[in-house]
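The values are calculated or read from the model by the stated rules, or taken from the named source; none is laboratory data. Note that the structure is predicted; figures quoted are calculated from it, not measured. In this analysis, Cβ positions are derived from the backbone assuming ideal geometry, glycine residues included, and neighbour counts consider all displayed protein chains.
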Amino acid sequence: MLTWANLWSQVFNGLARGALLALISSGLTVIYGTLGVLNLAHGAMFMIGGYAGYVAFSYTGSFIAALLAGSGVVLAVGLVMERVVIRHFYDRPHEDQILVTFGLGICFVEIIRFFFGSLSRSMPPPARLSGITSLGFMVYPTYRIAVVAIVAVSLLAIYLILYRTRLGMIVRAGIEDSGMVDCLGIDVHRVFMVVFGIGSMAAGFAGIVNLPVAPITPDMGDSILVQAFVVIVIGGVGSYAGAVLGGLIAGEILSISSMIDPAYSYVALFAVMTLVLMVRPRGLLGAESRT
């Protein structure tokens, strides 16, 4: 039954879900927008972050420790992944990048499945963020409100690091002329490695934040990856602001349409993506093509 209370609840659910999608997609669009790499292992980073956070929480019982440890693990995985594999594919065709990152994603999923099995894992929210909060016109889970705030701070931090610091300036200069940057005594490949690690960490951090909301399984990253790609297509490939806007739009579409009929929530999402591509092929806030 459709009621105003249900509608408002789904709108807020969509906001929380959209915020998480925005954070995941921001990492994906940062990696592509700055490095030109199509990373199909990004969904696996979300999954690894969730499991790493779960392990840290199991040993410490601390949500903060889960966030720090899980983020650190995914950052390390991203750095090693870029240094050992991705670095050799910057100048290769996108088809090669897709194949190698897709293969890495499968490997990560099977490694997690080997150690943890296929059963879902979950984590309770922090004690201070459990329960419900009255918003005047409705009551809503406190942790989901906190999710929006946590993600907003994270998105702002990533933006400031990559677009308002010397690191971001070096990245943009390295994309245009890496040889000149090397002549200035700057190891541009090391900077690229850091950017790839930060982009991966964004997905892993989202996986930890999402854990008290929904259980995680080894293959959960697949659906997240699909949603993230839809988000950046809607918002605009390579656009950080587009990833945020697209995430919020996608979250609301999935949430509100599921209230009507959950079976058609993905249909609605892909229908909107198709409409955006027809009207504005570059996405709502799309940047110029790298090619």
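Taking the condition of being closer than 20 Å to T165 by Cα and surrounded by fewer than 24 Cβ atoms within 10 Å (Cβ to Cβ), how many residues in region 198-239 meet it? Outline the logic, then answer.
If we filter region 198-239 for residues that are closer than 20 Å to T165 by Cα, which is where we start, we get 198-202, 238-239.
Remaining after also requiring surrounded by fewer than 24 Cβ atoms within 10 Å (Cβ to Cβ): 198, 238-239.
Residues flagged as closer than 20 Å to T165 by Cα and surrounded by fewer than 24 Cβ atoms within 10 Å (Cβ to Cβ) within region 198-239 amount to 3.
Return the residue satisfying two criteria in turn: it lies in region 111-128 and is in a helix (DSSP H, G or I) and touching a residue at least 60 places away in the same chain (Cβ under 8 Å), and of such residues it is nearest to the chain's Cα centre (by Cα).
If we filter region 111-128 for residues that are in a helix (DSSP H, G or I), which is where we start, we get 111-116, 127-128.
From what's left, touching a residue at least 60 places away in the same chain (Cβ under 8 Å): 112-113, 116.
Numbers: I112: 19, R113: 21, F116: 22 Å.
My answer is I112.
State which residue pairs qualify: first residue of a type in the set (F, W, Y) and inside region 10-28, second residue surrounded by fewer than 24 Cβ atoms within 10 Å (Cβ to Cβ) in any location, beta carbons under 6 Å apart, and separation of 6 or more residues or different chains.
Going by the 6 Å Cβ cut-off, the qualifying pairs are F12/Y140.
Output the number of the condition that V74 fails; it satisfies all remaining conditions of (1) modelled with pLDDT of 95 or more; (2) farther than 30 Å from S130 by Cβ.
The failed condition is (2).
Collect the residues in region 1-47 that are touching a Cys at 6+ places or on another chain (Cβ under 9 Å) and part of a helix (DSSP H, G or I), keeping them in residue-number order. Can you show your working first?
The first filter runs over region 1-47 and keeps only residues touching a Cys at 6+ places or on another chain (Cβ under 9 Å), leaving 41, 44.
Answer for region 1-47, where residues must be touching a Cys at 6+ places or on another chain (Cβ under 9 Å) and part of a helix (DSSP H, G or I): just A44.
Can you tell which of G204, G199 is touching a helix residue (DSSP H, G or I) at 6+ places or on another chain (Cβ under 6 Å), over 17 Å from Y159 (Cβ atoms), assigned to a helix (DSSP H, G or I) and not aliphatic (A, V, I, L, M)? Even if it seems obvious, please write down each step before you answer.
Details: G199 fails: over 17 Å from Y159 (Cβ atoms).
Selected residue: G204, the only one of G204, G199 that is touching a helix residue (DSSP H, G or I) at 6+ places or on another chain (Cβ under 6 Å), over 17 Å from Y159 (Cβ atoms), assigned to a helix (DSSP H, G or I) and not aliphatic (A, V, I, L, M).
Can you tell me which residues in region 7-49 are under 20 Å from A152 (Cβ atoms) and touching a strand residue (DSSP E or B) at 6+ places or on another chain (Cβ under 8 Å)?
The answer is F12, and nothing else.
If we scan region 83-93, do we find a residue that is surrounded by fewer than 21 Cβ atoms within 10 Å (Cβ to Cβ) and touching an Asp or Glu at 6+ places or on another chain (Cβ under 7 Å)? Explain how you work it out, then say what you get.
Restricting attention to region 83-93, the residues satisfying the condition of being surrounded by fewer than 21 Cβ atoms within 10 Å (Cβ to Cβ) are 83-85, 87-93.
After this cut, where a residue has to be touching an Asp or Glu at 6+ places or on another chain (Cβ under 7 Å) as well, the list is 89.
Yes, there is a match, as at least one residue in region 83-93 is surrounded by fewer than 21 Cβ atoms within 10 Å (Cβ to Cβ) and touching an Asp or Glu at 6+ places or on another chain (Cβ under 7 Å).
Going by the conditions given, is V73 surrounded by fewer than 20 Cβ atoms within 10 Å (Cβ to Cβ), within 30 Å of H189 (Cβ to Cβ) and not acidic (D, E)?
Details: surrounded by fewer than 20 Cβ atoms within 10 Å (Cβ to Cβ): no; within 30 Å of H189 (Cβ to Cβ): yes; not acidic (D, E): yes.
Answer is no for this residue.
So P125 fits all but one of (1) modelled with pLDDT under 85; (2) of a type outside the set (V, I, T); (3) surrounded by 13 or more Cβ atoms within 10 Å (Cβ to Cβ); (4) under 25 Å from L23 (Cα atoms); what number is the exception?
Failing condition for P125: (1).
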